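For reference, the structure is listed below as structure tokens.
The values are calculated or read from the model by the stated rules, or taken from the named source; none is laboratory data. Keep in mind it's a predicted model, so treat the numbers as computed, not measured. Cβ placement follows ideal geometry from the backbone for every residue including glycine, while neighbour counts extend to all protein chains displayed. These area figures cover heavy atoms from the full protein model, side chains too; ligands, DNA and RNA do not enter into them. Shrake-Rupley method; radii C 1.70, N 1.55, O 1.52, S 1.80 Å.
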Amino acid sequence: MSSILPIWNSVYNSVSIMVNHTTPYHTDINGWQQWLDMLIMVGNYPPLDFVITTLNLWLQYNPGMIIAMPGSALEHGVGFANGNCACLTYYMQQNVHESVGIPLCNPPHISNVQL
């Protein structure tokens, strides 16, 4: 795996593509609660909701929508899409960092912001 690091062109170490897929409510595993996952929806489908149950929040999950959220910290899910849709999901996995010997960064803190 370490041989691909010099050509990997993303800050994320993992990518998944889900096509016409219903996702039950869940929290992601193998990540840190401070890391943000990036979800990008594409396709042609009627209105769909992205639900973050932890926050009691329903978001319109339209084509072209991008959501950044800590999937390890917030329970979330998506219902059935009656159409053609795909979700490109970019995320981090702690075990990938550890297996290639890249140290994990400290969580962000407001004191790190320089004004």
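Of note:
- Under the condition of being aromatic (Phe, Trp, Tyr) and open to solvent by 70 Å² or more (accessible area, probe 1.4 Å), the residues counted in the range 77-107 number 1.
- Any hit, the range 50-69, residues being part of a strand (DSSP E or B), surrounded by 14 or more Cβ atoms within 10 Å (Cβ to Cβ) and of a type in the set (Gly, Ala, Ser): no
- Test result for Ser16, touching a residue at least 60 places away in the same chain (Cβ under 8 Å), among the polar types (S, T, N, Q) and assigned to a strand (DSSP E or B): yes
- Every residue from the range 33-45 that is open to solvent by less than 60 Å² (accessible area, probe 1.4 Å) and either touching a Cys at 6+ places or on another chain (Cβ under 8 Å) or free of Cβ contacts under 8 Å to residues at least 40 places away in the same chain (or both): Leu39, Ile40, Met41, Gly43, Tyr45
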